[in-house]
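Visitor: First the structure, then my questions, so here it is.
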């Protein structure tokens, strides 16, 4: 058990050390900007989509297109998008619900006049300056999918628990992929701010109800030697829901989906990578094996307490020593990540309250064991 736990802990520590201390990779100059289509799946986003569409349109040029897939909408999402000049394709289905089906619908809509590069942007995400141009050029130049930096921000005046969640997001979506990017390794897809060649998406299996369709797509592409690249100098961002109901739905979908991918995909990916000698696929599998940060801390802490009791009761020192090394390693990773990338998110004092944050997530992980979420559920927006 401790040996299995050592793998994600050591991979996490290595990623943090690389992100902090490895020299930045030199970005290649990319002269030609491909023709792009921005594909935006949207379900009942009437209250916020106008700002998102305005931000996207400000970065389009020439023959670029913006297609909003109004998926099973019961509000004015489609009408608002049309009024702002976006192309709109509406989709309704009582049973086949979820982002994957919306993306598949959008790709079929684009097939009549396919672009060179398709960029997926969620209907609740805003763009950093020049984000579309940057990831489109890199995708065209590399021939591989490209993932922009995707950050989630806690609401203004949020309690420390939300700030800790934001920091965990920084570790997952900035520190870890940046560490691997520094040594030429791929990253996971994050669901938004993703650029693909037309053929990559057209030939992908999108029409599924998988609750973390982005992770699945990244794994599928890595198997075809098209593992995604991380582009940290292009950014998309959104905000955590203020309501506890919305935040809980979001956490459950992300974390149950992630854990399902670990159980169902990682062993086969590692075996395939070893058999083929594919280092990019091996890196993808190792990155995927890292569970949500709170769960990893919970597992390491529990192992340390258990081995301490074994040492006190039976006198066995080796398990306790090993567990202590793992505990020090994960604490070092968290502190190094905070000192390098998290100071603007939360104070050290707020970070030290993470013990209660981890404890509050125990029911979510127990639910995965007894009643895991398997269907895609959209997070409730604050405006709802």
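Visitor: I'd like to compare 330-337, 35-42: which one has the highest average count of other Cβ atoms within 10 Å, and what's the full order after that?
Guide: Values: 330-337: 19.4, 35-42: 25.6.
So the peptides 330-337, 35-42, ranked by packing, come out 35-42, 330-337.
Visitor: While we're on this one: Report, to one decimal in Å, the Kirkwood hydrodynamic radius for the stretch 110-165 based on all distinct Cα pairs.
Guide: Values: mean 1/r = 0.0717 Å⁻¹.
14.0 Å is the Kirkwood radius here.
Visitor: In addition: Set the Förster distance to 30 Å, then compute FRET efficiency between residue 302 and residue 75 from the Cβ-Cβ distance, nearest 0.05. Working shown, then result.
Guide: On the way: r = 45 Å, r/R0 = 1.49.
That pair, residue 302 with residue 75, gives E of 0.10.
Visitor: Using 1/(1 + (r/R0)^6) with R0 = 30 angstrom and r between the beta carbons of residue 93 and residue 65, what's the FRET efficiency to the nearest 0.05?
Guide: On the way: r = 24 Å, r/R0 = 0.80.
That gives a FRET efficiency of 0.80.
Visitor: Also, I was wondering about something else. Is the shape of the stretch 86-196 rounded, prolate or oblate, going by the alpha carbon gyration tensor and its root eigenvalues a ≥ b ≥ c, with a/c under 1.5 for rounded and a/b larger than b/c for prolate?
Guide: Values: a/c = 2.13, a/b = 1.28, b/c = 1.66.
Taking the square roots of the gyration eigenvalues as a ≥ b ≥ c, the stretch 86-196 is oblate.
Visitor: Starting from the eigenvalues of the Cα gyration tensor, five times each then square-rooted, give me the equivalent ellipsoid semi-axes of the chain, largest first, whole Å.
Guide: Working: eigenvalues 257, 108, 79 Å².
Each semi-axis is √(5λ); the values are 36, 23, 20 Å.
Visitor: Going by C-beta contacts inside 10 Å, put 112, 255, 87 in order with the fewest on the left. Let's see the in-between values first.
Guide: Working: 112 6, 255 22, 87 17.
The order, fewest Cβ neighbours first, is 112, 87, 255.
Visitor: Under the rule a/c < 1.5 gives rounded, and otherwise a/b versus b/c splits prolate from oblate, where does the stretch 161-216 land using the Cα gyration tensor? Mind dumping the intermediate values first?
Guide: Working: a/c = 3.06, a/b = 1.47, b/c = 2.09.
Here the stretch 161-216 falls in the oblate category.
Visitor: Based on the mean of other beta carbon atoms within 10 Å per residue, what is the order of 356-366, 9-19, most packed first? Please list the in-between numbers first.
Guide: Details: 356-366: 14.2, 9-19: 21.5.
In descending order of packing, they fall as 9-19, 356-366.
Visitor: Then there is this: Calculate how large, on average over all directions, the projected area of the Cα convex hull of the stretch 1-130 is; give the answer in nm² to one decimal.
Guide: 12.5
Visitor: Okay, helix-only estimate at 222 nm for the chain: each DSSP H run of n ≥ 4 adds -39500 (n - 2.57), divide by all residues, round to 500 deg cm²/dmol; what do you get?
Guide: Values: 16 runs with 199 residues, N = 384.
Theoretical 222 nm ellipticity from helices: -16000 deg cm²/dmol.
Visitor: Here's a follow-up. In whole angstrom, note down how far apart the Cα centers of the stretch 28-60 and the stretch 176-237 are.
Guide: Each part's Cα centre sits 17 Å from the other's.
Visitor: Rank-order 153-162, 338-347, 95-104 by packing density, defined as the average count of other C-beta atoms within 10 Å over each peptide's residues, highest first.
Guide: Output ranking for 153-162, 338-347, 95-104: 95-104, 338-347, 153-162.
Visitor: I've got another one for you. Fewest to most neighbouring Cβ within 10 Å: what's the order for 256, 93, 109?
Guide: 93, 109, 256
Visitor: Give me the three principal axis extents of the stretch 257-375 from the C-alpha atoms, as integers in angstrom, largest value leading.
Guide: Result, largest extent first: 44, 43, 34 Å.
Visitor: For the stretch 32-246, what does the alpha-carbon gyration tensor say about shape, rounded, prolate or oblate, given a ≥ b ≥ c as the root eigenvalues, a/c under 1.5 as rounded, and a/b over b/c as prolate? Walk me through the numbers before you get to the answer.
Guide: On the way: a/c = 1.38, a/b = 1.03, b/c = 1.33.
Verdict is rounded for the stretch 32-246.
Visitor: Which part of the stretch 174-215 falls in the paramagnetic zone of residue 279, meaning amide N under 15 Å from the point 7 Å along Cα-to-beta-carbon?
Guide: Hits in the stretch 174-215 for residue 279 at 15 Å: 180-187.
Visitor: Can you tell me what share of the DSSP beta bridges in the chain is antiparallel? A percent to the nearest 5 is fine. Intermediate values should be presented prior to the final figure.
Guide: On the way: 8 of 31 bridges.
So the antiparallel bridges in the chain amount to around 25 percent.
Since every read-out is calculated from the coordinates, none of them should be taken as a lab result. Everything numeric in this text was worked out from a predicted model, so none of it was measured. Note that each Cβ is placed from the backbone with ideal geometry, even for glycine, and that neighbours are counted across all protein chains shown.
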